[in-house]
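As C-alpha cells, the structure follows; a few thoughts come after it.
Taken together, the values in this text are just the output of simple stated rules run on the coordinates, not laboratory data. All values derive from a computational prediction rather than experimental measurement. Note that each Cβ is placed from the backbone with ideal geometry, even for glycine, and that neighbours are counted across all protein chains shown.
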Amino acid sequence: MSVAATQRTGVSLVLGSGAMLFTALALAYGLVRAREPQWPPVDVPTLEPVLPARATFALLGATLAVWRWGAARWLAVAFGLTFLGVQLFAW
C-alpha cells in the first residue's frame, strides 16, 4: 500500500469516526429532549455562556498562534493551558 493510500485511509477513518460521534451525540440529545417533559432539569445549575466563550477563544488563539507564527510555540502552549484552566474551573 502506498503512502498516499495509507494517508487517505487514515483521514477517512478519522472523519468517519468524528461523524459517527457527532451523530450519536445528536441522537442522544434528541431522545432526551423528546422523552423528558422538562429539560434541562430545574435543579441543575446553569453555566454562564461567557466562560465557555473564553475557552473557545483560547483554543482559537492557540490555533492561530501555531498557524500564523509556527515558531511561537510558547504562545500556543499558553493558550492551550488557558483553555485547560477554564475547563477545569467550569467542572
Residues that are surrounded by 10 or more Cβ atoms within 10 Å (Cβ to Cβ) and in contact with a helix residue (DSSP H, G or I) (Cβ under 9 Å, 6 or more places away or on another chain), drawn from region 1-39: Trp39
Complete set of residues in region 45-74 that are in a helix (DSSP H, G or I), more than 16 Å from the chain's Cα centre (by Cα) and touching a residue at least 12 places away in the same chain (Cβ under 8 Å): Ala65
Hey, can you tell me all the residues within region 23-44 that are among the hydrophobic types (A, V, I, L, M, F, W, C), farther than 23 Å from Val86 by Cβ and part of a helix (DSSP H, G or I)? Ala24, Ala26, Leu27, Ala28, Leu31, Val32, Ala34
